[in-house]
Amino acid sequence: MPETLVAPIEELTAGYYAARDDEAFCDELDGLLKHYVGRPTPLYEARNLAGTAGGAGGDVRVFLKREDLTHTGAHKINNALGQALLAKRMGKRRVVAETGAGQHGVATATACALLGLECRVYMGTEDMRRQALNVVRMQLLGATVHGVEAGSKTLKDAINEAMRDWVANVHDTYYLLGSALGPHPYPLMVREFQSVIGRESRAQILEQAGRLPDVVVACVGGGSNAIGIFDAFLDDTSVRLIGVEAGGEKIAPGRHAARFAGGSAGVLQGTRTYVLQDEAGNIELTHSISAGLDYAAVGPEHAWLRELGRTEYAYITDTEALDGFKTLARTEGILPALESSHAIAYTMQLIPTLKPGTIVLVNLSGRGDKDVQTVMDAMK
Amino acid sequence: MTRLEQTFARIRSNGHPGLVTYITAGDPDLDRTAGILRALDRAGADVLEVGVPFSDPLADGPVIQRATERALASGTTLSGVLDLLRTIRGDIRAPIVIFSYANPILRLGSERFADRARDAGVDGVLILDLPIEEADESRTMLTQRGIDTILLLSPTTTDERLRRAAELGSGFLYAISRLGVTGARDALAAGAQDMVERIRRVSDLPVALGFGISKPDHVREVGRWADAAVVGSSLVDVIAREGTSADLNTRVEEYVRWLKS
């Protein structure tokens, strides 16, 4: 982390610790999550999906945590609202954010519109092309979207540019980071704002299935939806926690974003974690059909939990993710985001290997409307 | 006395402001970097900062970002930069400071890096995204090999951290004159002098002030309160314009003489 950011980060850490101990702050966030975002989101048992998976399929129970049904259509709003409230509490009038798929950008633009904050979103031009609909949504919400031409023109480059903006404007600007990445306190803070997903899921599955799940599956880009749902189950050691990364075209440099499959320890953007890098320590380009998973580093808490042996990670290729997308659409009438389709596709592969009666909880982190064009192009 | 200490002692005794120059190694390629470094030395640059290109230069503005892209495109790595310095060290009088992001150094391994930096005759190392709190291991290895650890201070650095940097840093302290990324500006930052005076109150180490310096006036002005001015983006800009020309080294030399005028 550059020296210029040390003091702002210390200010942020102090601001966050004060806010989370403040009952009024927590009540305001809870109220917004309930009445504005639409929480709690449903937990839905996907019987048709389980039935099509083959093997013991029909006897395995699959539950989907429907984050796709939140206001703005993805889990990103949980964190964006929490941090936007914090920005306001800290007296900042301007918010900058990065976005990959555009879901975090839309969530941030939404929260800023609601709370009267100026909003500037940095987005790689490659992502602007493949998520054009979300660019318009952000603009309609009053945000300025700034295209980033550097590097691979995706999420990593957008984060660099958002950080440069923050460095230059720390006095009045809040950096609203969208994933469980970056320097402390971001990974902690983003996990805590997203942990509502796990808390709700745990209570809902106990009520609907009468017991804890055996497996929890979530896709992992930076890893905020995954850490959010895993968090409530970390102490339940009988529950397997599986993160699914983007295998892209194949596991070869520049063709994927599976950090645990092709990465090594490194430092990127203030985080020491698993990173895709070359021999000289330069960060490799990444590829995934889903913009939200297309990032060279994984959230540091995932790297740590994996080292402890508490979590496992797998990957799903672009083609498999597309199959997951189509299968969920046809069998359940739900269009998942391409990011979440990785978790669906992995679950489809996992089911035949499970014992009858096994319960799988999948985080359906976002809806797929934004991806329709990409899916159409891929099906040509 | 290290070479950096000798250099700043000389600057202080002769009363002229020192000039620290930054270039991105490998822009446009390492062969030409060798020529540029010799030209800078001939022109009287007091300290040569050699930037290691990194794929994600988040503290740099557009000029150094583009230089980084050109350097990476020409295949420049930290290892290649160290090999080059080792070859040309004997031709150059000025102290050489490696200016790098943390990841290339961690990838090479801190100890291996320190060994190779010593063998290449490097005088100081500045890792611009490694906070003081995490610099211990690297600093120990460099100190054992007689290499100075240069620390960065920004306008947002608290007095407490200034004091810590004054204890842990050596060679000189690098003060960033303004918030924001690297890049040439028309005027010096308003708080620059205060910043240097804040440092002077806690440290006797020489202070070099950088970010936004591009003219002889700036250098003279900075010299009134700091020991040296750092010129980066505007020099990199000269290299960008003259990179493929046969006059590259002459232009670089003229530019540095103009800055010192």
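The values are calculated or read from the model by the stated rules, or taken from the named source; none is laboratory data. All values reported here derive from a predicted model rather than from experimental measurement. A quick note on method: Cβ atoms are made from the backbone with ideal geometry, for glycine too, and the neighbour counts reach across all protein chains shown. Calculation scope for accessible area: heavy atoms of the full protein, side chains included, ligands and nucleic acids excluded. Shrake-Rupley method; radii C 1.70, N 1.55, O 1.52, S 1.80 Å.
Annotations
- The A:H71 and A:A24 beta-carbon pair, evaluated with R₀ = 25 Å, returns a calculated FRET efficiency of approximately 0.65.
- Karplus (6.51, -1.76, 1.60) ³J(HN,Hα), θ = phi - 60°, over segment A:201-218, in Hz, Gly and Pro reported as x: 4, 4, 5, 5, 6, 4, 6, 7, 10, x, 7, 6, x, 8, 9, 10, 10, 8
- Cβ screening of chain A for cysteine pairs under 4.7 Å finds these without a partner: A:C26, A:C219.
- Which of B:E197, B:E134, A:E67 is most accessible, then next, and so on - probe 1.4 Å: B:E134, B:E197, A:E67
- When only alpha carbons are used to place a centre, segment A:126-148 and segment B:44-71 end up 30 Å from one another.
- Solvent-accessible area per residue for the protein assembly as shown (1.4 angstrom probe, square angstrom): 36
- Where both bridge residues fall in the protein assembly as shown, DSSP classifies roughly 15% of the beta bridges as antiparallel.
- On Cα atoms only, tilt of A:76-89 relative to the major axis of chain A in degrees: 20
- Cα-based convex hull volume of segment B:138-261 per residue, rounded to whole Å³: 130
- A Förster radius of 30 Å, combined with the Cβ-Cβ distance separating B:A187 from B:A9, puts the computed FRET efficiency at roughly 0.45.
- Between A:E149 and A:S238, the contour length at 0.36 nm per residue exceeds the Cα-Cα span by 27.5 nm.
- When nucleic acids and ligands are ignored and a 1.4 Å probe is applied, A:D377 ends up with an accessible area of around 70 Å².
- Seen from B:R12, the other residues with C-beta closer than 12 Å to its C-beta sum to a net charge of -3, counting Lys and Arg as +1 and Asp and Glu as -1.
- Crossing angle, helix A:338-350 versus chain A [Cα axis fit, 0-90 degrees, rounded to tens]: 30
- Partners for A:K65 among aspartates and glutamates (Cα-Cα distance below 18 Å; same-chain residues under 8 apart left out): A:E45, A:E192, A:E200, A:E207, A:D214, A:D231, A:E332, A:E339, A:D369
- Dividing the helix sum by the residues of chain B, where each DSSP H run of 4 or more adds -39500 (n - 2.57), gives a mean residue ellipticity at 222 nm of -14500 deg cm²/dmol.
- Most to least accessible of A:M163, A:M128 (protein chains only, probe 1.4 Å): A:M128, A:M163
- Summed residue charge, Cβ within 15 Å of B:L188's Cβ, Lys/Arg positive, Asp/Glu negative: 0
- Cross-link check: pairs A:K34/A:K355; A:K34/A:K380; A:K34/A:K153; A:K76/A:K153 evaluated at a Cα-Cα cut-off of 31 Å; pairs beyond the cut-off: A:K34/A:K355; A:K34/A:K380; A:K34/A:K153.
- Across B:I23, B:I150, B:I88, mean-square fluctuation computed from a Gaussian network of chain B (C-alpha pairs under 10 Å connected) peaks at B:I88.
- Rounded to the nearest Hz, the phi-derived 3J(HN,Hα) couplings of segment A:272-277 under the Karplus curve 6.51 cos²θ - 1.76 cosθ + 1.60 (θ = phi - 60°) are 9, 6, 7, 9, 7, 8, where x marks glycine and proline.
- Whole-Å distance, taken between Cα centres, linking segment A:231-294 and segment A:12-77: 23
- Listed residues A:A297, A:A209, A:A158, most fluctuating in chain A (Gaussian network, C-alpha, under 10 Å): A:A209
- Multiplying the residue separation of B:R251 and B:A73 by 0.36 nm and removing their Cα-Cα distance gives an extension gain of 61.7 nm.
- Compared with the dominant Cα axis of chain A, that is its longest principal axis, helix A:23-32 is turned about 60°.
- For segment B:154-163, backbone phi angles converted through the Karplus equation (6.51, -1.76, 1.60; θ = phi - 60°) give residue-by-residue couplings of 10, x, 8, 5, 6, 4, 4, 6, 4, 5 Hz, Gly and Pro being listed as x.
- If the chain linking B:D119 and B:R201 were pulled fully straight, counting 0.36 nm for each residue of separation and taking away their Cα-Cα distance, it would gain 25.9 nm.
- Cα-based shape type of segment B:3-260, given that a ≥ b ≥ c are square roots of the gyration tensor eigenvalues and the cut on a/c is 1.5: rounded
- Residues whose amide H falls under 5 Å from that of B:S203, counting only those 5 or more places apart or on a different chain, are absent, with hydrogens built in the peptide plane.
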